[in-house]
Amino acid sequence: MKGFVNVLFVFLSVAIFAQKPAHLVKPSDTLNKEAFINTVDQSLMLFYQDYASKQEYDSIIKLLNYESTDLPKFTDEEYCARLEEMNKMSPFHLDCNQATLSTIKFFVDKRRGFIRIAMGRSDLYFDMFEEKLAEYGLPKELKFLAVIESGLRPQVKSRAGALGLWQFMYRTGLYFGLKENSYIDERMDPALATDAACRYFRQLYGIYGDWNLVLAAYNAGPGNVNKAIRRSGNKTNYWEVRPFLPSETQGYVPNFIAAAYLMTYHAEHNIIPVEAKVHNAQLDTMCLSLGVHMATITSLINWPTEEIKELNPIYKTSYVPQTVPAQCITGPLDRIGLLVGLEDSLYKLEKSIYSGTTVVKPVVVVDVPAEGDTVAIDTNENSTEPYFYHVVKTGETMNAIATKYLVTVEQLMEWNALRTTNIYAGQRLKVKGANKSVPPPPVVPAKKYYSVRSGDTFSKIADRNRMSQAELRRLNPKININRLTVGQKIRIR
């Protein structure tokens, strides 16, 4: 998937930015950056939709002709051979011994359903895990630790009070910068908790220099591991230290190895992943300048509150508070894209519902359109007409759409930043009031800028300021996102 995205950007960049001799350059060669961004966004959206809809079960299962009830059996030698293959590409010691073999067999016999569910949830988190782990120079196998810690459920809380994907205790979370108040608990935020876990892993590896001991210290705490090392005669190998560790921690590394093994060889064991509700590649983020109830978002764009909560576990309640820096919400690309365009309407609706005041004109409740639908969207309380999104149907032309709404083709192209009349089925076209003047833009708040630092990328700047890249591009239409310079000013408000 990432390969496709990279190829797409390279292709478009080469096609658009390729240098021509001066005598061949014409005024029409000037790049319309808004149109370019529109083209890229639409291409990526179509790919993500296609990617998500065409995921199939592992081809190995098909080749082996397993029936759904088949429970394949393997010898110890086969298990050990597979672990050895994994060891060749891993800095972990995935030893094949009685402890790991018995744990793997237990998972195969008694925890198949757990692995199926974890495989499904991995589509939402593993890409982000691997990106963060790579950023800190850590082994990608550490992503499997979240499987045995939380089953990849960010809201899960242990009896001891550990919380989130990485099961941080309250004080440990505070130590690594994860804050908590009445509305938020950053231990449940997938990205923030993963960043904290990476810093913790790196710190522990600096102490022990052995990844299996790092896992033991993550579970039992460095104090207990240090005691076990002393009792073992100052051994530095996990398996030699293991007998002196607490009983729960003695099973921790075998559990990790079993999870890593089955997440890697699930197909050979006829373990079919549960289909993921949403893939990480289909998500975007929007940051809110005001406090908002999730129910308001539901009312505005018909995005179920339970789904909003599920994708935004950082919030203890269904309220997103106003903070500095701003709080953000994550959701499917289509929902976030629609919400970004309705941000002013969102705040007006929130005020009308929860402050006891009335707005001059009610906000129109909208939904994500199906093919062929047109949706009215009111973005300005002083406007006399809404504008529309028309979803292109198979066989429709730009001229036919313009005729339908009593506008010109040129207006459609201007409103949608298009350079040609080429359109495709499923494309969303903005259509403003027929032959009416465009409503005045809303009042813009005070501008705020970020100074580019060494090593910054457009993506990192967006993440650091808790914005989506789409929002950042909208605020900086003239910035070349591929050629940032140290000290350059990027608008973030």
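The values are calculated or read from the model by the stated rules, or taken from the named source; none is laboratory data. All of these numbers come straight from a predicted model, not from anything done at the bench. We place every Cβ from the backbone using ideal geometry, glycine too, and count neighbours over all the protein chains shown.
Just a few scattered comments:
- Of the candidates 311, 339, 333, the single residue that is of a type in the set (A, V, I, L, M), in contact with a Pro (Cβ under 9 Å, 6 or more places away or on another chain) and outside the structural domain of residue 83 (by TED's automatic domain parsing) is 311.
- Number of the exception - residue 193 against (1) more than 14 Å from residue 314 (Cβ to Cβ); (2) hydrophobic (A, V, I, L, M, F, W, C); (3) touching a strand residue (DSSP E or B) at 6+ places or on another chain (Cβ under 9 Å); (4) modelled with pLDDT of 95 or more: (1)
- Given (1) closer than 30 Å to residue 331 by Cα; (2) touching a helix residue (DSSP H, G or I) at 6+ places or on another chain (Cβ under 7 Å); (3) crowded, with 20+ Cβ neighbours inside 10 Å, number of the condition residue 149 does not satisfy: (2)
- Flag if residue 381 is surrounded by 13 or more Cβ atoms within 10 Å (Cβ to Cβ), at pLDDT below 75, acidic (Asp, Glu) and part of a loop (DSSP other than H, G, I, E, B): yes
- Per this entry, residue 207 is counted among residues that are assigned to a helix (DSSP H, G or I), aliphatic (A, V, I, L, M) and surrounded by fewer than 18 Cβ atoms within 10 Å (Cβ to Cβ).
- Pair list, Cβ under 7 Å, 6 or more apart: segment 106-118 residue in contact (Cβ under 8 Å) with a residue 12 or more places away in the chain and within 10 Å of residue 262 (Cα to Cα), other residue in a helix (DSSP H, G or I) and of a type in the set (Gly, Ala, Ser): 107/258
- Pair list, Cβ < 6 Å and 6+ apart or interchain, from segment 138-159 residues that are in the same structural domain as residue 185 (by TED's automatic domain parsing) and touching a residue at least 40 places away in the same chain (Cβ under 8 Å) to residues that are part of a helix (DSSP H, G or I) and surrounded by fewer than 15 Cβ atoms within 10 Å (Cβ to Cβ): none
- Tally, over segment 278-298, of residues that are free of Cβ contacts under 8 Å to residues at least 60 places away in the same chain and not in a strand (DSSP E or B): 6
- Restricted to segment 464-481, and to residues there that are of a type in the set (A, V, I, L, M) and closer than 22 Å to residue 283 by Cα, the residue that is surrounded by the fewest Cβ atoms within 10 Å (Cβ to Cβ) is 475.
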